[in-house]
Amino acid sequence: MKWLSIRAQKLNKLNTILQKSLPLKFSNHCTLANITEDKIVILTDKANYASLLRFQAAFICSTLSAHLPKPIKKLEVKVRPQSEPLKQKTLPNTLRVSAKTADLLESTAAEMQDGPLKAALNKLAKRQAQEKD
């Protein structure tokens with residue numbers, strides 16, 4: 001477990017060095033993911049940044065090699081788009097109705113006796129009216 005912690009700290013330190021050595025436009029779009037004996041792996045969220053990083057492979061390898069016991073000769077760039085959490089389009093238990101349906105609900109409720117069903121129909125019809133505003 002201690003070895004894993006030391007490796008994580010080393011990768012974090014090298015990621016900081018990488019971030020400082022690259023142009024500012026890369027800072028939010030790439031991360032050092034792994035280092036093997038002769039290769040580094042960088043993750044980026046967009047393909048266009050991956051292409052630009054590949055053009056800077058020699059610079060990146062030499063910069064990180066200065067902080068490692070063995071020189072790095074290869075750069076691998078992988079594109080991993082950042083996933084966004086799914087957003088709920090409607091609130092749970094919220095029913096949407098068209099204007100025509102709302103009119104029908106109001107007319108049906110008007111012909112009913114007072115009670116919970118009439119109140120629910122009126123509430124549903126008013127919800128559609130509020131969405132128009």
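The values are calculated or read from the model by the stated rules, or taken from the named source; none is laboratory data. Not measured: the values here are computed from a predicted model. Ideal geometry is used to build each Cβ from the backbone, glycine not excepted, and the neighbour counts take in all protein chains shown. Please note that ligands, DNA and RNA were not included when accessible areas were found on the heavy atoms of the full protein model with its side chains. Shrake-Rupley method; radii C 1.70, N 1.55, O 1.52, S 1.80 Å.
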Exercise. Please enumerate the residues belonging to the stretch 36-55 that are open to solvent by less than 70 Å² (accessible area, probe 1.4 Å) and more than 21 Å from P81 (Cα to Cα).
Key: T36, D38, K39
Self-check item: Pairs with Cβ under 7 Å, 6+ apart, first in the stretch 18-37 and in contact (Cβ under 8 Å) with a residue 12 or more places away in the chain, second open to solvent by 70 Å² or more (accessible area, probe 1.4 Å)
Solution: H29/K46; E37/K70
Quiz item: Does K20 qualify as being open to solvent by 100 Å² or more (accessible area, probe 1.4 Å) and either in a loop (DSSP other than H, G, I, E, B) or touching a Phe, Trp or Tyr at 6+ places or on another chain (Cβ under 7 Å) (or both)?
Solution: no
Quiz item: Does I40 count as assigned to a helix (DSSP H, G or I) and in contact (Cβ under 8 Å) with a residue 12 or more places away in the chain?
Solution: no
Quiz prompt | Odd one out for K87, checked against (1) modelled with pLDDT under 90; (2) exposed (fewer than 15 other Cβ atoms within 10 Å of the Cβ); (3) touching a Leu at 6+ places or on another chain (Cβ under 8 Å) | solution = (3)
